[in-house]
Amino acid sequence: MGGTFDPIHHGHLVAASEVQSWFDLDEVVFVPTGEPYQKAEREVSTAEHRYLMTVIATASNPRFTVSRVDVDRDGPTYTVDTLTDLHAQHPDADLYFITGADALSNILTWRDSEELFALAEFVGCTRPGYAMDASTLDGMPHDRVTIVEIPALAISSTDCRERTGRGEPVWYLVPDGVVQYISKHGLYARAHLDTTTRE
Ligand code: ATP
Ligand code: MG
C-alpha cells in the first residue's frame, strides 16, 4: 500500500486490514513515498517523519510492515519503481497494489501505467467522497483490478493536517502514537498548512 501518509490515519489502516483479510495476504507492506511528484504544490513532511509515523501506526499488527524503498530512492516516487523494487526483494510473491478510489482513477496517468498491471494486481478501495463506477476502470485490464468495499471512514490526511493547524483534535482519526508524534514534533503548525484546498 503506497501513500504519502502525512499523516497515516485509520482510513489507511482499515483499508489495509480489509484487503489483507479479503485476499488472505501474508503481509501488507506500507510504502511511504519519497518526494511525491504529484503533490509538489504543498510542503510535505520529511520522508523520515512520514516513515516513522507509519511504523508507529502499524507496529502492533503482525501482518503489517513498512518498507523504505521509496524513502531511500533519490528523486520523485513512481509506482513502477516501487513495484519493481518490491518484486526484486520478494521474487516469488504475488504483489497486490492497494489504492483508494481517488488514486485508482488516476492510475492511467502514472508513469509506465501498462507495465504496472504486469507487476501487480490492483485493488481499489472504496472511499467516501470518491464515487467509483464501471467507467473508473476504463482502459484498465479488468482481470488485474479488483474493487473492495471498505467500511466508510471519511478521514483524509489533508483534514488531519488542517485540524491540527486549527488546534482541533485528531484523536481517534489517527492512532494514539501518531497523535503524540505530531504533537512532539510540532507537525502541521499553521504556517505549513495547504490553504488551497479549503476556506
Ligand atoms: P491527502 O489528503 O494528503 O492526499 P490521503 O488521506 O488521501 O492524504 P494518501 O497518503 O494520499 O492519504 O493515501 C494513500 C492511499 O490510501 C491512497 O491510495 C488513498 O486513496 C487511500 N486512502 C486514503 N484515505 C482513505 C480512506 N479514508 N478510505 C480508503 N482509502 C483511503
Ligand atoms: Mg491522497
Counting only DSSP beta bridges fully inside the chain, the antiparallel percentage to nearest 5 is 5 percent
Debye log10 I(q)/I(0) for the range 2-154, one point scatterer per Cα, at q = 0.12, 0.17 Å⁻¹: -0.48, -1.04
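Once the Cα gyration tensor of the range 97-199 is found, what semi-axes does its equivalent ellipsoid get, as square roots of 5 times the eigenvalues, in whole Å, sorted largest first?
Here the semi-axes work out to 32, 14, 14 Å.
Rg(Cα) of the range 83-153 divided by 2.2 N^0.38 Å?
Working it through for the range 83-153, the quotient is 1.13.
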From the residues Ser135, His9, Val29, which one has its Cα farthest along the dipole of the range 2-154 in the positive direction, the dipole being from +1 and -1 charges on Cβ of Lys/Arg and Asp/Glu about the Cα centre? His9
Arrange the following residues from fewest to most other Cβ atoms within 10 Å of their Cβ: Thr46, Thr136, Thr109. Thr109, Thr46, Thr136
Working from Cα positions, state the angle (0 to 90°, nearest 10) between the long axis of helix 176-185 and the longest principal axis of the chain. 60 degrees
Under unit Cβ charges (Lys, Arg +1; Asp, Glu -1), what dipole magnitude, rounded to 20 debye, does the chain have relative to its Cα centre? 880 debye
Suppose only helical runs count, i.e. DSSP H with n ≥ 4. What mean residue ellipticity at 222 nm does that imply for the chain under -39500 (n - 2.57) per run, divided by all residues and rounded to the nearest 500 deg cm²/dmol? -10500 deg cm²/dmol
Listed by chain and number, the residues whose amide H is under 5 Å from that of Thr146, excluding neighbours fewer than 5 places away on the same chain and using placed H, are Phe122, Val123, Gly124
How long, wide and thick is the range 1-71, going by the Cα atoms along their three principal axes, in whole angstroms, largest first? 37, 21, 20
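Every number here is computed from the coordinates shown, using simple stated rules; none is lab data. Quick caveat: nothing in here was measured; it's all calculated off a predicted structure. When we count neighbours, we look across all protein chains shown, and the Cβ atoms used for this are built from the backbone with ideal geometry, even at glycine.
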